[in-house]
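Report on the structure given below.
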Amino acid sequence: MPKFCANLTMLWNEVDFLDRFAKAADAGFTGVEYLFPYPYEKEALAERLRKHGLTQVLHNLPAGDWAKGERGIACLPGREGEFQDGVGQAIAYAKALGTKAINCLAGITPKDVPAETVHETLVKNLKFAAAELKKAGFPFVVEAINTRDIPGFHLTNTRQTLAVLDEVGADDAFFQYDIYHMQVMEGDLTPTLRANIARIRHIQLADNPGRNEPGTGEISYPFLFEAIDAMGYDGWIGAEYKPRTITDEGLGWFAPYKG
């Protein structure tokens with residue numbers, strides 16, 4: 001049966017971030033993920049994980065100035081030093097939290113920069129991150145995101161992202177498959193997952209349209225969960241969706257899968 005973790009950036013926004021760990025545990029989740037741990041002290045986060053018996057499943061590399069609209073810097077020429085510093089910061093947090101995998105957001109394709117330069121920058125940065133994370137003992141994942149939610153995002157589909165990972169050539173670099181983003185960009189969810197499951201280290205979910213909880217849109221999640229289980233996937237699935245109301249009222253989808 002799939003293992004589910006709660007994305008604390010998206011869920012329980014009705015309470016303070018540090019109080020969301022207790023909410024996740026009370027709801028029956030055994031793992032958590034969130035976009036960025038960096039605004040908080042490592043010790044405070046680690047204490048919440050220990051107190052509530054939670055696994056830190058995933059967090060992202062630093063992604064630039066989020067408030068100003070940046071969504072990753074890996075494809076941005078001239079930001080290589082900042083990217084490398086961010087890899088070091090992510091490793092420091094991962095060591096303190098016991099993080100199971102670290103994700104890279106490639107970023108929005110810069111304008112007026114040759115496509116070859118953008119591509120070369122991305123591959124070079126991903127090679128650096130993969131090598132450093134492997135030395136530190138943390139698997140590395142890279143995500144594709146739909147261009148409706150983030151116009152201009154550089155990696156947008158399965159084929160493109162896997163081709164970049166082929167160029168990176170690291171045996172511990174994998175694809176983070178977000179069901180919601182890939183439903184928007186390419187559909188054909190089950191065959192795509194089945195064809196590439198060996199290269200997928202982490203999965204995330206939300207329904208479409210609306211990016212709300214499973215059961216609110218067009219995706220047949222019971223069918224998909226059963227199919228993923230049959231593929232032998234033993235990783236985590238992150239609940240990264242926008243609750244329609246308050247989080248606890250929309251957790252009916254999760255009831256059959258509690259440990």
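Once the 1.4 Å probe is applied to the protein heavy atoms, the chain comes out at 43 Å² accessible per residue. Evaluated on the chain, the Kirkwood hydrodynamic radius is 18.5 Å, with distances taken between all distinct Cα atoms. I need the calculated FRET efficiency for the pair ARG148 and ASP19, taking r as the beta carbon distance and R₀ as 25 Å, to the nearest 0.05. With R0 = 25 Å, the Cβ-Cβ based efficiency is 0.20. Is the shape of segment 188-259 best called rounded, prolate or oblate, per the rule: a/c under 1.5 gives rounded, else a/b larger than b/c gives prolate, else oblate, with a ≥ b ≥ c the square roots of the Cα gyration tensor eigenvalues? It is prolate, given that a/c is not under 1.5 and a/b is the larger ratio.
With unit charges on the beta carbons (Lys and Arg positive, Asp and Glu negative) and the dipole taken about the Cα centre of the chain, which residue among ALA206, GLY217, PHE128 sits farthest to the positive side? The Cα lying farthest towards the positive end belongs to PHE128.
Coupling constants for segment 177-183 follow from the phi torsions by the Karplus curve (6.51 cos²θ - 1.76 cosθ + 1.60, θ = phi - 60°), and in residue order they are 9, 9, 4, 4, 4, 6, 5 Hz; glycine and proline get x. Only protein heavy atoms count here; on that basis, with a 1.4 Å probe, MET231 has an accessible area of about 40 Å².
To the nearest µm²/s, what D does Stokes-Einstein give for segment 1-105 at 20 °C and 1.002 mPa s, using the Kirkwood radius over alpha carbon pairs as Rh? So the translational diffusion coefficient is about 149 µm²/s. Among the listed pairs LYS23/LYS127; LYS3/LYS111; LYS3/LYS23; LYS68/LYS134; LYS100/LYS124, those whose Cα-Cα separation exceeds 29 Å are LYS23/LYS127; LYS3/LYS111; LYS68/LYS134. Taking GluC sites (Glu not before Pro) in DSSP loop states with no more than 14 other Cβ atoms inside 10 Å as exposed sites, the chain has its longest site-free stretch at 42-217. Using the charge dipole of segment 1-76 (Lys, Arg: +1 at Cβ; Asp, Glu: -1 at Cβ; taken about the Cα centre), state which of ALA67, LEU54, LEU8 has its Cα farthest towards the positive end. Checking the options against the dipole of segment 1-76, the answer is LEU54. When the accessible area of segment 153-259 is computed with all protein chains present and a 1.4 Å probe, what percentage of it is carbon and sulfur? The value for segment 153-259 is 48 percent carbon and sulfur by accessible area. Summary of the geometry: segment 159-212 and segment 62-110, compared by the centres of their Cα atoms, lie 19 Å apart. When the solvent-accessible area of segment 38-88 is split by element, carbon and sulfur atoms take up 46 percent of it, the probe being 1.4 Å.
Label separation (TRP66 vs ALA195): 3.3 nm, computed from points 7 Å beyond Cα along the C-beta direction. Each residue of segment 86-156 gets 89 Å³ once the volume of the Cα convex hull is shared out per residue.
For the pair GLU249 and GLU167, label points projected 7 Å from Cα toward Cβ lie 4.7 nm apart.
The values are calculated or read from the model by the stated rules, or taken from the named source; none is laboratory data. It should be emphasised that the depicted structure is a prediction, and the values quoted were computed from it without experimental measurement. Cβ atoms come from the backbone with ideal geometry, glycine included; neighbour counts cover every protein chain shown. Note: accessible area is taken over every heavy atom of the protein model, side chains too, but ligands, DNA and RNA are not part of it. Shrake-Rupley method; radii C 1.70, N 1.55, O 1.52, S 1.80 Å.
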